[in-house]
Amino acid sequence: MKVLKWVVGILVITGLAVGGYTVWERLSRVETTDDAQVDGSIFPLSPRVAGHVIKVTVHDQASVKADDVLVQLDPRDFEVALAKARAELADAEATLASARSDIPVLSVSTASALSGAKSSRQDATVQVSWSEQALGAARARLKTAEANVRVAEANASKAAQDVERYKTLVARDDIPRQQYEKAVADLEAARANVDAQKAAVTEAQQNVLAAEKSVEQARARVGQADATVEGAMTGPQQVKSSEARAQAAEAKVAEKRAEVEQAELNLKYTTITAPSTGIVARRSVEVGQYVEPGQLLLAIVDLSHVWVVANFKETQLKDMKVGQRADLEVDSNGRTYTGHITSLAGASGARFSLLPPENATGNYVKVVQRIPVIIDFDAGQNNDLALRPGMSVTPTVHIH
């Protein structure tokens with residue numbers, strides 16, 4: 001009997017040892033915590049333009065799909081603004097087309113005007129040269145005519161003296177009367193020659209005056225041609241000015257096109273849609289309400305992509321790595337989901353708190369810190385969208 005008691009005692013001790021070892025070995029392969037919850041994306045929706053609400057299509061807790069219309073603002077003011085912007089764009093494009101069409105016409109006309117002005121100046125310069133040559137010749141003829149007058153007057157004076165001398169001699173019959181009559185005829189011829197030479201001088205003077213006037217007119221034409229050339233030389237500047245106007249018109253078109261795009265965006269912003277599939281929460285908008293940009297209207301809780309944030313003690317992270325398998329027991333439905341670690345936080349949760357701990361005060365008490373670990377659900381685990389952000393989870397990570 002005594003031996004039996006010893007055998008039973010040994011068997012009990014051995015069973016406890018085996019069971020304890022088994023439990024220890026199993027627990028050494030996993031890490032678990034009850035400080036974990038489901039997390040997900042919550043999208044707060046606010047208008048990007050101000051306006052009056054004319055339609056609200058959802059209520060709190062309603063299920064919506066991505067791109068479903070949630071709130072509609074009155075679009076009429078924005079439609080008018082878009083029509084005005086498009087009209088201003090059309091006007092700017094017409095101005096640009098006109099400015100561009102003027103450039104080649106102005107370039108051709110400028111080149112033609114400059115070429116014609118230079119040719120006219122060259123012709124006027126040639127005319128000045130010819131007129132000056134004609135004036136020189138007229139002045140030379142005038143001098144010759146004046147010299148001929150002096151010669152004719154000298155001949156007439158000599159002929160008059162001969163007549164006076166022959167008149168005395170013919171009265172005394174010292175010379176034949178025929179010689180005296182010849183002297184009288186020579187005097188008449190000399191006087192006629194004087195008159196003719198004087199008439200030639202007058203004509204030469206008139207020719208000089210005409211030549212001088214011709215020179216003045218030719219020089220005036222040169223001055224006019226110079227002025228025309230100077231005016232034509234401003235043509236390139238006019239072309240550049242026209243090009244600058246065309247560039248300004250292009251900038252105006254770009255500005256008006258941007259205004260049209262902005263007006264189109266503003267009109268599009270009057271329709272507020274769901275950014276993703278989810279559940280409506282915190283709805284605070286009603287029909288007839290005037291809303292401002294940035295004002296919170298409602299929120300969309302995205303149920304299609306949720307994850308677990310588990311706050312493990314720092315002493316549990318020794319063998320924990322990204323990619324390790326995890327079992328996720330959710331308190332709300334008692335189900336256990338599967339997942340895997342996707343990331344470990346870069347700092348403890350205390351470092352991101354509103355009042356981080358200050359350990360340099362001298363009152364330091366060592367506290368085991370907790371590090372947030374992100375665990376994603378495996379594909380297909382949440383097809384029924386039963387998980388909600390904030391639900392409590394007990395994750396068990398298989399570290400070995």
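The values are calculated or read from the model by the stated rules, or taken from the named source; none is laboratory data. As the structure is a prediction and not an experimental result, all values here were calculated from the model. Backbone-built Cβ (ideal geometry, glycine too); neighbour counts: all protein chains shown.
The rows are residues; the columns are (1) assigned to a helix (DSSP H, G or I); (2) modelled with pLDDT of 75 or more; (3) buried (at least 16 other Cβ atoms within 10 Å of the Cβ); (4) in contact with a helix residue (DSSP H, G or I) (Cβ under 9 Å, 6 or more places away or on another chain).
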position	(1), (2), (3), (4)
173	no, no, no, no
182	yes, yes, no, yes
186	yes, yes, yes, yes
212	yes, yes, yes, yes
229	yes, no, yes, yes
247	yes, yes, no, yes
Query raised in the report: If you go through the stretch 294-335, how many residues are farther than 24 Å from residue 279 by Cβ and of a type in the set (S, T, N, Q)?
Result: 4
Report task. Select from the stretch 317-338 the residues that are part of a loop (DSSP other than H, G, I, E, B) and among the basic types (Lys, Arg) and write down the one among them that is farthest from residue 386 (Cα to Cα). Result -> 318
Report task. Go through the stretch 265-310 residue by residue and tally those that are farther than 26 Å from residue 328 by Cβ and part of a strand (DSSP E or B). Result -> 7
Requested in this report: Could you tell me whether residue 350 is assigned to a helix (DSSP H, G or I) and either buried (at least 16 other Cβ atoms within 10 Å of the Cβ) or at pLDDT below 95 (or both)?
Outcome: yes
Query raised in the report: residue 133: farther than 30 Å from residue 206 by Cβ, assigned to a helix (DSSP H, G or I) and polar (S, T, N, Q), yes or no?
Result: no
Query raised in the report: How many of the residues in the stretch 41-71 are in a loop (DSSP other than H, G, I, E, B) and within 34 Å of the chain's Cα centre (by Cα)?
Result: 6
Query raised in the report: Pick from the stretch 262-302 the residues that are surrounded by 15 or more Cβ atoms within 10 Å (Cβ to Cβ) and among the acidic types (Asp, Glu): which of them is nearest to residue 41 (Cα to Cα)?
Result: 302
Query raised in the report: Do we have residue 177 as more than 30 Å from residue 251 (Cβ to Cβ), modelled with pLDDT of 75 or more, among the charged types (D, E, K, R) and loosely packed, with under 13 Cβ neighbours inside 10 Å here?
Result: yes
